[in-house]
Amino acid sequence: MEAYGSWNNGPQIYERVFSRETDLIDVWFDSGAMPYAQWHYPFENKDVFEKNYPADFIAEGVDQTRGWFFTLHAIATMINESSTEIQSVNKKVNNGGVAFKNVISNGLVLDKNGNKMSKSKGNVVNPFETLAKYGPDVVRWYMIENAPPWDNLKFDFDGIVEVQRRFFGTLSNTYSFFVLYANIDGYVKDEQNKVSPKNLTNLDRWILSKLQSLIIEVTKAYEEYEPTRAARAIQDFVNDHLSNWYVRLNRKRFWKGEMSEDKKAAYETLYDCLLTCSQLMSPIAPFFSEYLYRSLTENIRDKAVAHNTALRHESVHLTDLVKPDQNLIDSELEKSMAYAQRICSLVHSIRKNHKIKVRTPLQKILLPVLDESFAKRIKTVEEIILSEVNVKGIEYIDDTSGVLVKKVKPNFARLGKQYGPKMKEVSAVITAFTKEDIAAIEKQGKLSREGFDLVLEDVLITSEDIPGWAVATESGVTVALDINVTEDLKKEGIARDFVNRIQNLRKDMGLEVLDKINIEVERDGEMVTSALNTFKDYISTETQALTLELREKVNDAAEVDMDEFMLKVKISVNK
């Protein structure tokens, strides 16, 4: 082989024979030495090495199974068998000779149709543009929540927008709601003087119990390297429980009246939920969680530092991961509220099917009692149910009373996968259920008949409507709703609709929460006049109105659409 060189005497040609090295090792073994090489072990940093070996986890693409994953263990095994120093370290840390304890093998990011991204196909997503447009936390949350890291991800911008709106938007709105009223009332978190448990409402105790359950679930998910499970649990808590249930059902506690122990309990409960969420979400959304944590704690930092309390840290990432308070867990209350949410969902579905607005009150719910514990749980949250669905009362009836006639049919979608060729046989068994069989599977969740062990999900139970009532069933819970709207109920519904329209006008006028107003309404029929007069005090309280007057003619009035009719209304701000 010729080699060319250039020296002072000009270019010269030299001949030299190059031979191949016979003893070669895969270059991946170089990276396999990383656990030792990064600390220059065993020549220095022995104490640091012992604290960090073996690794809790490594993360790399699935294509590195033969490369890095293998060589790490291969080298670890070889030196464990040949090095007394490594053997000593492994004995101290109770390690059997492995280089890492867990591995997260990342999947591939595909386009939204499941195709591999390629410049030639034009389906490549520019990560820098995506991060600049949506922010790193939203993108990261979408990717983690959408699929476990080891699964392939179908990357869809619509999914990012949905996460931005449903999760981060909901959490931001919940925080904004808290700040709005906390600033009005001058509420400041006091770590030394917590609200007495006796001042907590059922809703307070419920959401705090759910919060402790969330801490347990999320901590377990992180410890088991299941970030997707953690993200979904946090998201469900914020969307379904904190925002859509706790805050929505508690709004009046925040804006009504002066600061009281009840209002302080509501503030403290919501504060604790927001603060805990900032800690739990911080590994996945480090920037938003930092913003939320600092916004909640900066005004009490000096006091927290002086008393050496938990909120003394300037960053959420310096705090210890929150631990669950077992004293706040109330599993019975959680079950009761789960029933309440299910019953409310059924009532709302009936209203929607019969086009009866939620603001129109109804008289009664009939609720078949599954067992004694069911009735007890519902009575614990009865007032919450009645308020949420705008119904006057609940009547508990024995499921064997005959008032409701239930029917059952096979859940073919589920049975087909489970029973296959025996589908016809098991379907016949279910179709032959007696009313006692239906009641039994609803109460117990399972039933054995003719060699088949059936569960509640194997059947679909419905109830026949009875005159003047509408019936709905889901997961073993049945409700019958009296859908007759009397004249008195209609008047109350008009008053509630009117309050809603006034609140919208206040918002359009840019009024502050505490601004007082005067309302003038042009008369429009006997029903409307009677409704506004009958519920005058209620309307005034809800809308911060000092006066509500009905006149024959109102000048410069705005037309308000009340769905079934138009009203002319004028609002003036009381200076």
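So which of Val138, Val93, Val89 is buried (at least 17 other Cβ atoms within 10 Å of the Cβ), closer than 30 Å to Ala33 by Cβ and touching a residue at least 24 places away in the same chain (Cβ under 8 Å)? I'd like the intermediate steps shown before the answer.
Working: Val138 fails: closer than 30 Å to Ala33 by Cβ; Val93 fails: buried (at least 17 other Cβ atoms within 10 Å of the Cβ).
That would be Val89, the only listed residue that is buried (at least 17 other Cβ atoms within 10 Å of the Cβ), closer than 30 Å to Ala33 by Cβ and touching a residue at least 24 places away in the same chain (Cβ under 8 Å).
From (1) more than 19 Å from the chain's Cα centre (by Cα); (2) crowded, with 20+ Cβ neighbours inside 10 Å, pick out the condition that doesn't hold for Glu298.
Failing condition for Glu298: (2).
Please specify each residue of region 1-54 satisfying the condition of being modelled with pLDDT under 85, surrounded by fewer than 10 Cβ atoms within 10 Å (Cβ to Cβ) and among the acidic types (Asp, Glu).
Within region 1-54, Glu2, Glu15, Glu21, Asp23 qualify.
Residue check: is Val322 open to solvent by 50 Å² or more (accessible area, probe 1.4 Å), outside any helix (DSSP H, G or I), of a type in the set (A, V, I, L, M, F, W, C) and touching a residue at least 24 places away in the same chain (Cβ under 8 Å)?
Against the criterion (open to solvent by 50 Å² or more (accessible area, probe 1.4 Å), outside any helix (DSSP H, G or I), of a type in the set (A, V, I, L, M, F, W, C) and touching a residue at least 24 places away in the same chain (Cβ under 8 Å)), Val322 does not qualify.
Could you say whether any residue in region 208-229 is open to solvent by 30 Å² or more (accessible area, probe 1.4 Å), in contact with a strand residue (DSSP E or B) (Cβ under 6 Å, 6 or more places away or on another chain) and under 30 Å from Met117 (Cα atoms)?
Yes: one or more hits.
Give me the pairs: first residue in region 39-52 and under 15 Å from Gln87 (Cα atoms), second residue surrounded by 12 or more Cβ atoms within 10 Å (Cβ to Cβ) and of a type in the set (D, E, K, R), beta-carbon distance under 8 Å, and six or more apart or on different chains, which are they?
Close Cβ pairs satisfying both conditions: Pro42/Glu85.
So in region 209-252, with the set limited to residues that are out of contact with any Lys or Arg (no Cβ under 9 Å at 6 or more places or on another chain) and of a type in the set (S, T, N, Q), which one is nearest to Glu332 (Cα to Cα)?
Step by step, filter region 209-252, then rank; the result is Ser209.
Take Thr478 and tell me if it is of a type in the set (S, T, N, Q), within 20 Å of Lys392 (Cβ to Cβ), open to solvent by less than 70 Å² (accessible area, probe 1.4 Å) and in contact (Cβ under 8 Å) with a residue 24 or more places away in the chain. Reasoning before the result, please.
Numbers: of a type in the set (S, T, N, Q): yes; within 20 Å of Lys392 (Cβ to Cβ): yes; open to solvent by less than 70 Å² (accessible area, probe 1.4 Å): yes; in contact (Cβ under 8 Å) with a residue 24 or more places away in the chain: yes.
Judged against the criteria, Thr478 is a match.
Pick from region 451-475 the residues that are without any contact (Cβ under 8 Å) to a residue 24 or more places away in the chain and part of a loop (DSSP other than H, G, I, E, B): which of them is farthest from Gly393 (Cα to Cα)?
Gly451
Considering region 521-566 alone, what residues qualify as being modelled with pLDDT of 90 or more, in a strand (DSSP E or B) and either crowded, with 17+ Cβ neighbours inside 10 Å or in contact with a His (Cβ under 7 Å, 6 or more places away or on another chain) (or both)?
Once the filter is applied, which keeps residues that are modelled with pLDDT of 90 or more, in a strand (DSSP E or B) and either crowded, with 17+ Cβ neighbours inside 10 Å or in contact with a His (Cβ under 7 Å, 6 or more places away or on another chain) (or both), region 521-566 yields Val521, Ala545, Leu548.
Which count do you get for residues in region 191-205 that are in contact (Cβ under 8 Å) with a residue 60 or more places away in the chain and more than 25 Å from the chain's Cα centre (by Cα)?
6
The values are calculated or read from the model by the stated rules, or taken from the named source; none is laboratory data. Fair warning: this is a prediction, and the values are worked out from it, not measured in the lab. In this analysis, Cβ positions are derived from the backbone assuming ideal geometry, glycine residues included, and neighbour counts consider all displayed protein chains. Note: areas computed on protein heavy atoms with side chains; ligands, DNA, RNA excluded. Shrake-Rupley method; radii C 1.70, N 1.55, O 1.52, S 1.80 Å.
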